[in-house]
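Here is the structure we will look at, set down as C-alpha cells.
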C-alpha cells in the first residue's frame, strides 16, 4: 500500500452482539449473527469490520476436544510432570505445535502449525464444558474469508471479517486481543515513505491494523463471563484489500525474539 492510499478513522463505534446462543459443532455462525442483528434491530453498513472470537469459530467447526479421549504420549507425560500440567492438555498442545519455543512456570510457549507464537498453542479450557478443551481454528484465515463471503452475500454490503484471540506479548504482562485471520482489509499497513508532522520521512513503521482492531473489539468482548462473541467495529476508512494474517508474521530470520 503506497503513501496516502488510506485514511484510518477519526472516530470508531464498537457494537457488541450479546444475544447469541451457546455455539456447538455445525452451527451456521452467519445465520446466528444475522438473527442476533435482527433481534437488536441492527443493520450492517459498508465498511463495517466484524470481529469474531476464535472460540465460537472453533466450536462451530468442531474443534472442541473431550479430554477423556486424549491419550498422552511419553513426551506429553514427561513435560506435564516437569511443569505440573495435565498431561492430556500437554498432548493437545504438542499436537498443535510446530516447535516448542520455551517451557517453564506451567506455560509452554510454542509456534503453532499456523505460525503463531503463543502460550499453550491456544489450547483453552475456559468457556467450555467441564473436562473439555477448545483448540484454535484449524485455518483461521480460511474461516475469515468464508464468513466474509457469506455475510457480504446476505447483507449486500462491503465488510471485512477478523477472527480474534487473546495472546500474551513478549516483555509485557497480561493478554490482549490479536488477529489470527482477516479478510477484506490489510492485516498490516506499510507507513514507510509518509511524512510526520515535522516533515520527517518514516523509514521503518508498519502498523498492525488488524491487531489494533481486534484489541479494540476485545474491550467489548471481555475475557470470561461477558458473553459478547462478535463485535462490529464501525467508522474505519481502510482501503479494501484481500488481507492475509501472514502479513504480520515474522519470517524466522527476521524474528528478534528467537
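The values are calculated or read from the model by the stated rules, or taken from the named source; none is laboratory data. Everything numeric here is computed off the predicted structure, so don't read it as measured data. For neighbour counting, all protein chains shown are included, and Cβ atoms are generated from backbone atoms with ideal geometry for every residue, glycine included.
So which of 237, 225 is out of contact with any strand residue (DSSP E or B) (no Cβ under 8 Å at 6 or more places or on another chain), outside the structural domain of residue 111 (by TED's automatic domain parsing) and either surrounded by 13 or more Cβ atoms within 10 Å (Cβ to Cβ) or without any contact (Cβ under 8 Å) to a residue 40 or more places away in the chain (or both)? Break it down into steps so the answer makes sense when it comes.
Numbers: 237 fails: either surrounded by 13 or more Cβ atoms within 10 Å (Cβ to Cβ) or without any contact (Cβ under 8 Å) to a residue 40 or more places away in the chain (or both).
Answer to the selection: 225.
Just one of the numbered conditions (1) surrounded by fewer than 19 Cβ atoms within 10 Å (Cβ to Cβ); (2) out of contact with any helix residue (DSSP H, G or I) (no Cβ under 9 Å at 6 or more places or on another chain); (3) touching a residue at least 40 places away in the same chain (Cβ under 8 Å) is not true of residue 209; which one? Among (1) surrounded by fewer than 19 Cβ atoms within 10 Å (Cβ to Cβ); (2) out of contact with any helix residue (DSSP H, G or I) (no Cβ under 9 Å at 6 or more places or on another chain); (3) touching a residue at least 40 places away in the same chain (Cβ under 8 Å), residue 209 violates only (1). At least 1 residues being modelled with pLDDT of 90 or more and closer than 24 Å to residue 216 by Cα is the threshold, and among the strands (runs of 3 or more DSSP E) wholly inside segment 97-203 those reaching it are 117-119, 132-134, 160-169, 172-183.
Looking for whichever is in the same structural domain as residue 31 (by TED's automatic domain parsing), in contact with a strand residue (DSSP E or B) (Cβ under 9 Å, 6 or more places away or on another chain) and surrounded by fewer than 16 Cβ atoms within 10 Å (Cβ to Cβ) here; the options are 82, 99, 45. Which one fits? Let's see the steps before the verdict.
Working: 82 fails: in the same structural domain as residue 31 (by TED's automatic domain parsing); 99 fails: in the same structural domain as residue 31 (by TED's automatic domain parsing).
Unique residue meeting the criteria: 45.
Determine whether residue 226 is within 23 Å of residue 139 (Cα to Cα) and either at pLDDT below 90 or in a helix (DSSP H, G or I) (or both).
Details: within 23 Å of residue 139 (Cα to Cα): no; either at pLDDT below 90 or in a helix (DSSP H, G or I) (or both): yes.
No, not satisfied.
For residue 17, all conditions in the list (1) modelled with pLDDT of 90 or more; (2) touching a strand residue (DSSP E or B) at 6+ places or on another chain (Cβ under 7 Å); (3) closer than 22 Å to residue 208 by Cβ hold save one; what is the number of the exception? Failed condition: (3).
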